[in-house]
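What follows is a set of notes on a single structure, which appears directly below.
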Amino acid sequence: MHAPDRPSAPAHPARLILILSLAPTVGLGIGRFAYALVLPDMRDALVWSYSAAGFMNTINAAGYLAGALLASRLIRRFGLAASVRWGTLACVVSLALCAVSGNFVVLSFARLLAGFAAALGFVGGGALAATIAQSRPERANFLLSLFYAGPGSGILLSGLIAPYVLQAFGPGSWWIVWWALTLLATAMTFPLLLAPIDTNAGVADAATAPFAIRPVLLYLGGYFLFGAGYIAYMTFMIAYVRDAGGGAAAQSAFWSLIGLSAFATPWVWRRVLALDRGGLSTTIILGVNAIGAALPIFGHSPLLLAISALVFGVAFFAVVGSTTAFVRLNYPPAAWPTAIAAMTIAFGIGQTLGPIAVGAITDAMGSLSYALNVSAAMLAIGAVASAFQPRLARKS
């Protein structure tokens with residue numbers, strides 16, 4: 001077996017991957033998704049339309065797309081570990097910027113920076129996690145799931161903090177929430193700065209490895225639809241819960257359930273992620289994700305919303321993990337960063353277009369229910385597209 005396929009095993013691979021998972025925890029779990037918790041208060045205080053509110057996640061996604069496009073180049077220049085660390089630090093700075101100004105341009109820049117930095121940390125962290133997981137092939141999919149469950153921690157913690165801060169300080173206190181989230185993200189960044197993750201073996205080869213789009217075009221299309229579909233749910237569901245009469249406790253419980261479900265992901269999908277059958281594992285998980293997104297269409301009952309959060313959450317985090325499992329099973333290690341970046345680009349394009357498009361639909365139709373209809377439909381179509389992706393002939 002070639003050396004790159006079996007790197008020397010670190011003493012504590014699970015611990016290292018859990019530390020690496022703090023990068024998407026800060027960049028995605030807090031930097032991106034916590035915006036949904038603050039959105040209703042920001043929209044009221046700053047007098048935004050749903051289109052303007054959606055634009056903040058669109059520009060965040062545009063930054064994410066730019067970061068994914070430049071990730072291979074930056075990784076080649078600075079290394080995987082540095083990309084993860086500096087990307088996470090930039091996410092912390094972006095959170096602080098959100099706290100200091102209500103100016104639309106400043107907030108837009110902060111959201112753009114958060115997206116760019118999160119992508120850099122995600123691609124670099126994903127490649128490092130895949131390398132560490134490959135050292136224990138019998139546990140590789142489980143170890144990878146630990147990395148992709150990371151954002152759940154950020155979602156859970158922000159869900160336990162933001163609604164109650166808003167309740168305590170009253171309308172217009174959105175900026176206080178951003179300060180609280182900045183402190184939380186800062187505390188989570190320290191382990192990344194101190195952990196021994198400075199392994200850049202194979203980075204030069206990985207960053208320049210070719211990647212052919214045509215053999216995985218259907219898979220990229222399905223992942224694009226996932227990016228466009230999930231973001232509507234994650235952007236507007238807290239507003240949907242609030243509009244249905246849910247107070248701070250209901251909003252916190254709903255958001256925390258999504259975060260909590262991430263911790264079940266490694267066990268629920270362990271066997272599915274091990275399937276080496278092209279896009280089948282992604283199809284199964286994305287189909288469950290679509291069901292979770294569709295459930296609120298049928299009512300506002302607390303039980304239905306709770307089931308929706310759990311079903312959506314347990315599948316949502318696993319979809320991203322399934323793409324990395326697909327890359328690991330179908331490409332040699334030297335191509336992993338390039339392939340992961342390509343997947344992230346397709347995902348980034350989808351989530352760039354999703355929020356503002358769904359926000360415009362909501363403004364035009366006057367109901368968030370339409371946003372959920374569109375979200376669930378795109379996720380379902382993405383699942384179908386992934387089903388037609390065959391297994392690739394891996395080249396060593």
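Flag: residue 111 does not match the condition of being under 17 Å from residue 14 (Cα atoms), of a type in the set (D, E, K, R), in contact (Cβ under 8 Å) with a residue 40 or more places away in the chain and in contact with a helix residue (DSSP H, G or I) (Cβ under 9 Å, 6 or more places away or on another chain). For beta carbons closer than 6 Å, sequence separation of 6+ or different chains, a first residue in region 318-341 that is within 19 Å of residue 70 (Cβ to Cβ) and in contact (Cβ under 8 Å) with a residue 60 or more places away in the chain and a second that is open to solvent by 10 Å² or more (accessible area, probe 1.4 Å) and not in a helix (DSSP H, G or I), the qualifying pairs are 335/209; 338/209; 338/211; 339/211; 339/331.
Among residues of region 48-62 that are in contact (Cβ under 8 Å) with a residue 60 or more places away in the chain and β-branched (Val, Ile, Thr), those with a beta-carbon under 7 Å from a residue that is open to solvent by 30 Å² or more (accessible area, probe 1.4 Å) and in a helix (DSSP H, G or I) at least six positions away or on a different chain give the pairs 58/356. Selection of first residues in region 365-378 that are closer than 14 Å to residue 295 by Cα and of second residues that are acidic (Asp, Glu) and part of a helix (DSSP H, G or I), restricted to Cβ pairs under 9 Å at least 6 apart or on distinct chains, gives the following pairs, ordered by first then second residue: 368/243.
For (1) open to solvent by 20 Å² or more (accessible area, probe 1.4 Å); (2) under 30 Å from residue 328 (Cβ atoms); (3) not in a helix (DSSP H, G or I), each residue gets a yes or a no:
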site	(1), (2), (3)
81	no, yes, no
90	yes, yes, no
99	no, no, no
107	no, no, no
131	yes, yes, no
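Pairs are defined by a Cβ separation below 9 Å, a sequence spacing of at least 6 or placement on different chains, a first member in region 84-95 that is hydroxyl-bearing (Ser, Thr, Tyr), and a second member that is open to solvent by less than 10 Å² (accessible area, probe 1.4 Å) and not in a helix (DSSP H, G or I); the pairs so defined are 94/31. Restrict the check to region 156-172 and report whether at least one residue is surrounded by 24 or more Cβ atoms within 10 Å (Cβ to Cβ) and either free of Cβ contacts under 8 Å to residues at least 60 places away in the same chain or among the β-branched types (Val, Ile, Thr) (or both). So far as region 156-172 goes, no, none of its residues is surrounded by 24 or more Cβ atoms within 10 Å (Cβ to Cβ) and either free of Cβ contacts under 8 Å to residues at least 60 places away in the same chain or among the β-branched types (Val, Ile, Thr) (or both). The number of residues in region 42-57 being of a type outside the set (Phe, Trp, Tyr), surrounded by fewer than 24 Cβ atoms within 10 Å (Cβ to Cβ) and out of contact with any Lys or Arg (no Cβ under 9 Å at 6 or more places or on another chain) comes to 7.
Among the residues of region 368-378, are any among the hydroxyl-bearing types (Ser, Thr, Tyr) and more than 22 Å from residue 234 (Cα to Cα)? I'd like the intermediate steps shown before the answer.
If we filter region 368-378 for residues that are among the hydroxyl-bearing types (Ser, Thr, Tyr), which is where we start, we get 369-370, 375.
Now restrict to residues that are more than 22 Å from residue 234 (Cα to Cα): none.
Within region 368-378, not a single residue is among the hydroxyl-bearing types (Ser, Thr, Tyr) and more than 22 Å from residue 234 (Cα to Cα).
For region 326-337, state whether one or more residues are closer than 25 Å to residue 156 by Cα, modelled with pLDDT of 80 or more and either of a type in the set (Ser, Thr, Tyr) or part of a helix (DSSP H, G or I) (or both). Spell out how you get there, then give the answer.
The initial filter retains those residues of region 326-337 that are closer than 25 Å to residue 156 by Cα, namely none.
Taking every residue of region 326-337 in turn, none turns out to be closer than 25 Å to residue 156 by Cα, modelled with pLDDT of 80 or more and either of a type in the set (Ser, Thr, Tyr) or part of a helix (DSSP H, G or I) (or both).
If the condition is being out of contact with any helix residue (DSSP H, G or I) (no Cβ under 7 Å at 6 or more places or on another chain) and either part of a loop (DSSP other than H, G, I, E, B) or not aliphatic (A, V, I, L, M) (or both), then region 214-245 contributes 214, 215, 243, 244, 245.
Table: residues versus (1) in contact with a Gly (Cβ under 7 Å, 6 or more places away or on another chain); (2) modelled with pLDDT under 90; (3) not in a helix (DSSP H, G or I).
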| site | (1), (2), (3) |
| --- | --- |
| 18 | no, no, no |
| 25 | yes, no, no |
| 54 | yes, yes, no |
| 57 | no, yes, no |
| 68 | yes, yes, no |
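The lone criterion from (1) open to solvent by 10 Å² or more (accessible area, probe 1.4 Å); (2) over 23 Å from residue 60 (Cα atoms); (3) within 16 Å of the chain's Cα centre (by Cα); (4) not hydroxyl-bearing (Ser, Thr, Tyr) left unmet by residue 116 is number (2).
The values are calculated or read from the model by the stated rules, or taken from the named source; none is laboratory data. All figures in this text were calculated on a predicted structure; none of them were measured in a lab. When we count neighbours, we look across all protein chains shown, and the Cβ atoms used for this are built from the backbone with ideal geometry, even at glycine. Ligands, DNA and RNA are excluded from the accessible area calculation, which covers all protein heavy atoms including side chains. Shrake-Rupley method; radii C 1.70, N 1.55, O 1.52, S 1.80 Å.
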